1. Quick one: with all protein chains in place, what share of the accessible area of the stretch 233-336 is carbon or sulfur, to the nearest percent (1.4 Å probe)?
2. Net charge around Val116, counting only other residues with Cβ within less than 11 Å of its Cβ (Lys, Arg = +1; Asp, Glu = -1)?
3. Going highest first, how would you order 473-483, 137-147 by mean Cβ packing within 10 Å?
4. Pairs Lys168/Lys301; Lys90/Lys235; Lys175/Lys235; Lys305/Lys451; Lys90/Lys175; Lys90/Lys451: which exceed 23 Å Cα-Cα?
5. Obtain the nm distance between the two label points defined at Ile13 and Tyr130 by a simple spin-label model: each point lies 7 Å from its Cα along the Cα-to-C-beta direction.
6. Please give the length that would be gained between Leu480 and Met365 if that part of the chain were fully extended, namely 0.36 nm times their separation in residues minus their C-alpha to C-alpha distance (nm, one decimal).
7. Would you kindly derive the ³J(HN,Hα) couplings of the stretch 190-200 from the backbone phi angles with the Karplus curve 6.51 cos²θ - 1.76 cosθ + 1.60 (θ = phi - 60°), listing them in order in whole Hz, with x for Gly and Pro?
8. Need one number: nm distance between label points at Ser6 and Leu231, each 7 Å from Cα along Cα→Cβ, rounded to one decimal.
Amino acid sequence: MDFTASLLLATFILSLFALFLYIWSMSKGMFGDSVNAAVAIFSKNEVGFVDDPAATLAQLKELQATVTGTTPLSDDLIQEDLRARAEADKSSSLVVGICLTLAVIWLLIASVAGLVSSVKLHSPDWLAQYSWLTFGRIRPIHLNLVAYGWCSLAGIGVSLWLIPRLLKTHLVGSKYAIAGGALWTVGVFLGALSIALGYSDGLEWLEFPWQIDILLVVGGGLVGLPLWMTLLRRKVDHLYVSVWYIAAGLLWFPVLFLIANVPYLHFGVEQATMNWWFGHNVLGLWFTPIGLASAYYLIPKILGKPIYSYNLSLLGFWSLAFFYSQVGGHHLIGGPVPTWLITMSIVQSVMMIIPVFAVTVNLHMTVLGNFKALVYSPTLRFIVLGTILYTAASVQGSLEALRSVNTVTHFTHFTVAHAHLGLYGFFSMVMFGAIYYIMPRVMNWEWPYPKLISLHFWLVLIGFLIYFIWLSIGGWLQGLAMLNPDMPFMQSVAVTLPYLEARSIGGALMTLGHFVFAFHFFAMGWKFGPKRLGASLIGGSMTNKIWSYFEGKNV
């Protein structure tokens, strides 16, 4: 065994030892009182009070009675709490509003690009006369606009809103975040334009030319400054686990992005290894921390119920940090990559069951017994769905890393379906839910058309299920066909056509849902439509009757 292999193996063994040492230290109470830490996000005597959607005091009482059957709300408590939160929200409202607005714009453009590229898979001659609309250009445009346009700016906006809330103080240095967001947006625009014109680095997730990547590196650094400046002025004794996730994500991503984009540093097999080191880590060490930070704050906050186990939340965070960094290698199974590197990646992929188990048990046990709130709360409806799909995506990822499974799924549409399960099913759903919670506090205005929230939810859910299920089936059949030595390669392509057409139908429904969401978002931003300051409850009388029926059946 050479020095590099020995060093990586020793690092892995050390991470295992550190994890068990950490679990032991938690069991001995060395990290403080977990009960008090779990309620750090609540104000005094606030546990037991629902907090969604934004509402007047009268509407909050109505919502409390709807969800819990009681109305023990104190006017003084609510008013005092609302004032404190309003001050924190006001300090971040401008930069958060800018980031989320840009994110929604990129979502629309990315959705159209994705739909065009999807149609081209089963109708390749469609719009073939335009070079910038060829599949080799429009598909990377879609990927990069989703990753660095919609997902990253939405995650940045949500994080900047959460930081002053979690630290119970004003956001400091918002001007740096605004400047950073501007540079980031210019970088995304120029990057997409360069791909459309045929200039690309040719690596998945890293298509933007390195000269343009500089804008994203500088912009990302400026966006991270308010976190550390606000931390210095925090008014809390304990840093809630969501702060850990946000801080880690804002630290990890610039390092990942910078190393992956250093020009003329990586060549050949090393370049392929680096490509999937980054491609997987941008999901697990950037989007996942931001998504979980949002879920860990919003689910307990909305339900008025502390997280099920605070120690589990810390275990989930540290085991993610210990095991995720090398999982990308399983995308290179069968390639000219050292076997020990692939094996280590597979082992770490399987070890990811630990943080997934911790998050799954924690979040779902918190929601258990409170599912009625999902009928009424738009935020919970999206976020709980997102956390369920996080579990599914993570378990599927660990299984897909096994050589026996990877032999079938590698180089097929199954992998594409899996990637969308994580980035869209988990992260985007959580971001939709977070935006439905945050924007009324940013705008001091409620969502004008609650029925559009339900329409958005069902369009993207049904569209995504069609997309994911049919693409997974088609990808699996494609893999089996490619493994059959008696079957011509073109037959393995032909077998996927019906499933690719279904993918386009699902994608069209998702795109329609995004336009509904964007219309509602901008209608609220321009304060168009009915003046509503009450709660945007999405469960109507029929929904309530259905729920009451199932309650009567003890389901």
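1. 64
2. Net charge in that neighbourhood comes out at +3.
3. Going by the mean number of other Cβ atoms within 10 Å, highest first, we get 137-147, 473-483.
4. As for pairs spanning more than 23 Å Cα to Cα, those are Lys305/Lys451; Lys90/Lys451.
5. Label at Ile13, label at Tyr130, 5.8 nm between them.
6. Here the answer is 37.5 nm.
7. 5, x, 5, 5, 5, 5, 4, 8, x, 9, 8
8. Modelled inter-label distance: 3.6 nm.
The values are calculated or read from the model by the stated rules, or taken from the named source; none is laboratory data. Please read all numbers here as calculations on a predicted model, not as lab measurements. Cβ sites come from the backbone with ideal geometry, for glycine too, and all protein chains shown count toward neighbours. Just the protein is used for accessible areas: all its heavy atoms, side chains included, with ligands, DNA and RNA removed. Shrake-Rupley method; radii C 1.70, N 1.55, O 1.52, S 1.80 Å.
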